[in-house]
Every structure is written in structure tokens, then in C-alpha cells.
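Enquirer: One structure, as C-alpha cells, below. Some questions next.
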Amino acid sequence: MQRLLDRLERRCGWFAVPHVTLALILGQVLVFLAANTQQSDVLLRVDLNRDLVLQGEWWRVITYVFTPPGMSLLWAAIFWWVFYMMGTALENTWGTFRYNLYLLVGWLGSTIAGVAIPQTMPENLFLQLSVFFAFARLYPDYQFLLFFIIPIKVKWLALFQAVMYAVLVITGDWPTRVLVLSSLMNYLLFFGAGHIADLRADARRKSYQAKAKPAGRLRHACAVCGRNSEEEPGVAFRYCSKCAGGVCYCPDHLHDHEHVAAE
């Protein structure tokens with residue numbers, strides 16, 4: 001995947017649009033303002049309606065990404081700020097071309113599913129959630145203030161959202177399943193191999209630890225009182241250099257014991 005991205009960037013890098021996150025947000029702001037005017041049906045004109053697209057209103061496959069996140073100004077402002085922060089961080093980390101490509105693949109997945117399969121209603125929220133997942137993967141320890149009070153790491157929020165997605169896939173109908181999976185196409189392409197490598201590394205680590213752990217015996221035990229490292233892993237057990245045979249003692253008896261002489 002890395003080689004393919006490098007090759008694409010060399011050939012098509014000049015197509016990349018800088019600050020694309022800001023452009024998406026500005027488009028949503030304009031639609032939000034227009035939708036709040038009296039008797040405005042702008043939201044109905046920009047959403048991805050499959051039937052209308054097939055009737056010739058092709059622009060909907062593009063304009064639906066400018067649908068604002070609800071009609072509450074406070075919620076929309078918070079959403080835009082978080083989206084801008086995450087998108088800018090990804091663009092700075094990956095570079096403009098790769099971030100553009102990530103968004104493009106996510107848009108293609110959602111749009112193709114929405115046009116090809118009846119009863120699917122793709123929203124740009126799915127695309128923005130894929131940005132959230134990518135941000136959580138690259139910056140797992142970044143903290144958000146939940147309800148503006150509780151600090152929580154973004155990796156736990158991403159795990160919760162992943163569980164919600166899993167519930168939709170398991171309990172939802174087929175259009176919903178296809179829409180969820182297609183919206184994650186970009187994340188799977190960019191991070192799927194990394195997750196597989198992590199699982200293999202974790203399996204190797206557990207296998208090594210299982211083989212290295214001594215079975216049925218204590219690693220360290222005080223020769224005087226019997227305290228051991230299995231029951232008290234935080235205790236610093238030491239071996240006496242003056243005792244024959246390498247005898248182990250706890251901190252209480254390391255300097256208060258009778259030395260063991262060689263037989």
C-alpha cells in the first residue's frame with residue numbers, strides 16, 4: 001500500500017487540493033445559512049436522492065457532502081471545529097495528496113453505495129466519521145472533553161463508535177450494512193494492513209510470554225519468610241553474594257539473616 005501511495009503521489013500529486021477540510025466546512029456553512037432562510041428547500045436540493053440522480057440531477061453526488069450537521073448552530077459550530085482540527089492534523093501528517101485520496105475513496109464508497117443500491121441514504125456524516133477513525137488511529141491518546149467536563153481519550157470514543165457500527169452491521173438491513181461498510185472503505189485500505197500486523201504481533205507476544213513463564217514454580221522466594229514474587233510482584237527480591245548457592249531474600253531479610261555456607 002505504501003508503494004502504491006508513493007507512486008500515485010508522484011504521478012497525480014499536483015491534483016491535490018490544499019485545505020480541503022476548510023473548503024468542505026465553508027460549503028456546509030453556506031448551505032446552513034441558506035437553509036435557515038424562510039421557505040428554503042436547499043437541503044432537498046443538495047441531498048443524495050438516488051431516484052433524482054438517476055433522473056439526471058447528477059450534481060447531487062457532489063453537493064451532498066455540503067449538507068450541514070443538523071440545524072442547531074451550537075452543535076454545528078462544535079462539529080465544524082472538531083472536523084477542522086482532525087482534518088488539518090491528518091493533512092499535516094500525511095500530506096495534502098494522501099489526505100485528499102483518503103477523502104476521495106471514502107466519498108466514492110458512500111456515493112456508489114447510495115446510487116447503486118435502493119433505500120440507501122448516504123450522508124456526509126459517514127465520510128467525516130472515517131476522518132474521525134483515522135485521527136483516532138494516528139493520535140489515540142488525544143483527549144476530548146466529553147460534555148465539556150470529562151476528559152476522555154479519542155481511542156475510547158472510536159472504540160464506542162466501532163461498536164455502534166458493528167451493531168448496525170449485525171442488526172440492520174442490507175442497505176444499512178452496505179452503507180456502513182462502504183463508508184469505511186478508505187479506512188480499511190489505509191489502516192487494514194496495520195491492524196492485521198498488530199494482531200499478529202500481539203499473538204506472537206502472548207505466545208512468547210506463555211512459553212517464557214515458568215510453570216509450577218516461583219521465580220523469587222525469600223529463604224527466611226517465604227514471601228515470593230508471584231504474590232508480591234512489586235517487592236524487590238535480592239540474592240546474597242555471601243550465601244552459597246544463590247539464596248534469595250526479601251528486603252526485610254536481605255541484611256538480617258544467617259549466611260548459608262557451602263557444604
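Enquirer: Report whether or not LEU125 is within 24 Å of PHE66 (Cβ to Cβ), at pLDDT below 90 and either of a type in the set (Lys, Arg) or open to solvent by 60 Å² or more (accessible area, probe 1.4 Å) (or both). Lay out the reasoning, then the answer.
Expert: Details: within 24 Å of PHE66 (Cβ to Cβ): yes; at pLDDT below 90: yes; either of a type in the set (Lys, Arg) or open to solvent by 60 Å² or more (accessible area, probe 1.4 Å) (or both): yes.
Considered against the rule, which asks whether it is within 24 Å of PHE66 (Cβ to Cβ), at pLDDT below 90 and either of a type in the set (Lys, Arg) or open to solvent by 60 Å² or more (accessible area, probe 1.4 Å) (or both), LEU125 comes out as yes.
Enquirer: Which members of the range 21-43 meet the condition of being over 26 Å from ALA116 (Cα atoms), polar (S, T, N, Q) and buried (at least 18 other Cβ atoms within 10 Å of the Cβ)?
Expert: THR21, the sole residue that qualifies.
Enquirer: Considering the range 133-156 alone, what residues qualify as being open to solvent by less than 50 Å² (accessible area, probe 1.4 Å) and touching a helix residue (DSSP H, G or I) at 6+ places or on another chain (Cβ under 7 Å)? Explain how you work it out, then say what you get.
Expert: Filtering the range 133-156 down to residues open to solvent by less than 50 Å² (accessible area, probe 1.4 Å) leaves 133-136, 140, 144, 152, 154.
Selection gives PHE133, ALA134, PHE135, ALA136, PRO140, PHE144, VAL154.
Enquirer: What are the pairs with Cβ atoms under 6 angstrom where one residue, in the range 145-171, is more than 21 Å from ALA89 (Cβ to Cβ) and the other, located anywhere, is surrounded by 10 or more Cβ atoms within 10 Å (Cβ to Cβ)? Sequence gap at least six, or different chains.
Expert: What qualifies is TYR165/VAL180; LEU168/THR176; LEU168/VAL180; VAL169/ARG177; VAL169/VAL180.
Enquirer: Moving on. Would you point out the residue of the range 101-122, among those that are of a type in the set (A, V, I, L, M) and more than 20 Å from VAL17 (Cα to Cα), that is surrounded by the most Cβ atoms within 10 Å (Cβ to Cβ)?
Expert: ALA113
Enquirer: Output the residue which, of all residues in the range 44-72 that are touching a residue at least 24 places away in the same chain (Cβ under 8 Å) and over 16 Å from GLY114 (Cβ atoms), is surrounded by the most Cβ atoms within 10 Å (Cβ to Cβ).
Expert: Applying the filter and picking the extreme gives PRO68.
Enquirer: Out of the helices (runs of 4 or more DSSP H) lying entirely within the range 35-99, which hold 2 or more residues that are of a type in the set (Gly, Ala, Ser)?
Expert: 73-94
Enquirer: Could you look through the range 1-20, keep only residues that are closer than 18 Å to LEU127 by Cβ and at pLDDT 85 or above, and pick out the one that is surrounded by the most Cβ atoms within 10 Å (Cβ to Cβ)? Show your work before the answer.
Expert: Initially, the range 1-20 is screened for residues closer than 18 Å to LEU127 by Cβ, giving 16-17, 19-20.
Checking the rest, the ones that are also at pLDDT 85 or above come to 19-20.
Working: HIS19: 14, VAL20: 16.
Checked the range 1-20; the qualifying residue surrounded by the most Cβ atoms within 10 Å (Cβ to Cβ) is VAL20.
The values are calculated or read from the model by the stated rules, or taken from the named source; none is laboratory data. What you are looking at is a predicted structure, and each value in this text was computed from that prediction instead of being measured. As a convention, Cβ positions derive from the backbone with ideal geometry for all residues, glycine included, and neighbour counts pool all protein chains shown. The accessibility values were calculated without ligands, DNA or RNA, using every heavy atom of the protein model including side chains. Shrake-Rupley method; radii C 1.70, N 1.55, O 1.52, S 1.80 Å.
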